[in-house]
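Everything on this sheet refers to the single structure shown next.
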Amino acid sequence: MPTQLQRIDPLDLQTSTAVGVDLPFNADGVFRSTFETKNAIKVNLINYILTNKGERYLNPSFGSDIRSLLFENITQDSLEEIREIVSTEINTFFPRVEPTTIELTGTPDENSVRFYLKYRVTDTNIEDEIAINIEQ
């Protein structure tokens with residue numbers, strides 16, 4: 001039976017060294033830290049999804065613009081367009097992340113969108129998912 005090798009990110013080799021900042025920003029100190037690449041990637045993806053284009057200083061193209069949907073009519077076409085844009089841009093901003101499932105479900109009466117992303121990280125055994133409810 002073949003053995004499946006697990007590739008460990010070099011940042012994860014020192015367990016006492018932080019690799020990112022965790023969400024939410026409500027720790028006793030200034031920020032809580034993440035100590036594994038898996039958690040850092042997840043937090044970075046959540047940050048990308050909740051950021052509007054033009055909101056990030058010196059990187060105006062960063063962000064998914066999903067929140068701007070809440071001020072327009074939510075249709076199946078607009079949700080599909082956002083899904084394709086997010087899929088393309090995840091490949092741009094996070095080249096090691098491969099989205100396996102991206103679902104957007106709109107509730108027009110409540111002006112809310114449910115975003116679901118299932119992904120894997122290339123060359124690792126990391127698989128995770130994110131579900132975010134975005135409401136006005």
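The values are calculated or read from the model by the stated rules, or taken from the named source; none is laboratory data. This structure is a prediction, so every number in the text was calculated from the model and none was measured. With ideal geometry, Cβ positions are generated from the backbone for all residues, glycine too; neighbour counts draw on all protein chains shown.
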Can you go through S78, S112, S64 and tell me which one is within 13 Å of the chain's Cα centre (by Cα) and modelled with pLDDT under 90? S64
Report, by residue number, each residue of segment 117-127 that is over 14 Å from L50 (Cβ atoms) and either within 10 Å of the chain's Cα centre (by Cα) or of a type outside the set (D, E, K, R) (or both). K118, Y119, V121, T122, T124, N125, I126
Checking I90 against (1) farther than 15 Å from I134 by Cα; (2) among the aliphatic types (A, V, I, L, M); (3) part of a loop (DSSP other than H, G, I, E, B); (4) in contact with a strand residue (DSSP E or B) (Cβ under 8 Å, 6 or more places away or on another chain), which single condition isn't satisfied? (3)
Over segment 63-92, the set of residues under 14 Å from L45 (Cα atoms) and β-branched (V, I, T) is I66, V86, T88, I90, T92
For segment 86-136, which residues satisfy the criterion of being without any contact (Cβ under 8 Å) to a residue 60 or more places away in the chain and of a type in the set (V, I, T)? V86, T88, I90, T92, V97, T100, T101, I102, T105, T107, V113, T122
Pairs under 7 Å by beta carbon, first residue over 12 Å from N44 (Cα atoms) and among the hydroxyl-bearing types (S, T, Y) in segment 16-34, partner part of a loop (DSSP other than H, G, I, E, B) and modelled with pLDDT of 70 or more, six or more apart or different chains? S33/A18; S33/D22
What number of residues within segment 105-115 satisfy the criterion of being surrounded by 14 or more Cβ atoms within 10 Å (Cβ to Cβ) and assigned to a strand (DSSP E or B)? 5
Scan segment 6-31 residue by residue and report those that are surrounded by fewer than 15 Cβ atoms within 10 Å (Cβ to Cβ) and either modelled with pLDDT of 75 or more or touching a strand residue (DSSP E or B) at 6+ places or on another chain (Cβ under 6 Å) (or both). F31
Return the pairs, sorted by first residue and then second, in which the second residue is part of a loop (DSSP other than H, G, I, E, B) and surrounded by 12 or more Cβ atoms within 10 Å (Cβ to Cβ), the first residue lies in segment 63-77 and is in contact (Cβ under 8 Å) with a residue 40 or more places away in the chain and of a type in the set (A, V, I, L, M), the beta carbons are less than 6 Å apart, and the residues are 6+ apart or on different chains. L70/N111
So if I check each of I130, I74, I102, which one is β-branched (V, I, T) and outside any strand (DSSP E or B)? I74
So which residues in segment 39-71 are part of a helix (DSSP H, G or I), out of contact with any Phe, Trp or Tyr (no Cβ under 8 Å at 6 or more places or on another chain) and not polar (S, T, N, Q)? A40, K42, V43, I46, L50, R67, L69, L70, F71
